[in-house]
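So the structure is just underneath, and the comments pick up after that.
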Amino acid sequence: MKKVILFCSSILVLFILITIFIYFRSSNVDIQSHNFEQLKSASGDYILVQEEKKDKYGVDGYSFIIKSTKNLKDVYKDDDDYFSKNSRFLLSWSDDEDIVWVYSGDVGLYYWTLNSEDNTWKKQLLSQNTENPPSLPKVFKKELAESSISKILKERGQWK
């Protein structure tokens, strides 16, 4: 009986130590410890952060925040942007510009651009900008190559 109690106590202590380690590691503001490198913008000035949240009906999902790499403060957050955990979406920085691209099976393709004059971010649906949209990230071209959205964009001359 003593061996069972000792074993259970050891497991409990190990669980507590792992929980403490995970908590302190996740509360560290060092970018490298959060593995934000893959979400860093082309300039390196911004990162994308995924945030779990519930919609107004209590359905689990995600929203995204653009943060400054200098101080990790939010520079853009749209509380209306929400993706259900069950829906398909892609999110990426542009390959050579500080533009965030989003593909949502529900909404379509849109992007956020930074207005350098007033330092605000603007969201725009690709379908609303048919004149001169920015180039799609390579990862989007790869993932959406066979989709109906790629055929529409190719017809419009927007598959750059």
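Throughout, read-outs are computed from the coordinates displayed, never taken from laboratory work. The model shown is predicted, which means the values in this text are computed figures rather than measured ones. Quick reminder, even Gly has a Cβ in these numbers, built from the backbone with ideal geometry, and neighbours come from all protein chains shown.
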Filtered residues of segment 92-121 (kept if farther than 13 Å from Val75 by Cβ and either hydrophobic (A, V, I, L, M, F, W, C) or in contact with an Asp or Glu (Cβ under 6 Å, 6 or more places away or on another chain) (or both)): Trp93, Ile99, Trp101, Val102, Val107, Leu109
Single residue of segment 137-160 satisfying the filter (not in a helix (DSSP H, G or I) and not hydroxyl-bearing (Ser, Thr, Tyr)) that is surrounded by the fewest Cβ atoms within 10 Å (Cβ to Cβ): Glu146
Residue in segment 113-122 that is under 14 Å from Val49 (Cα atoms) and in a strand (DSSP E or B) present: no
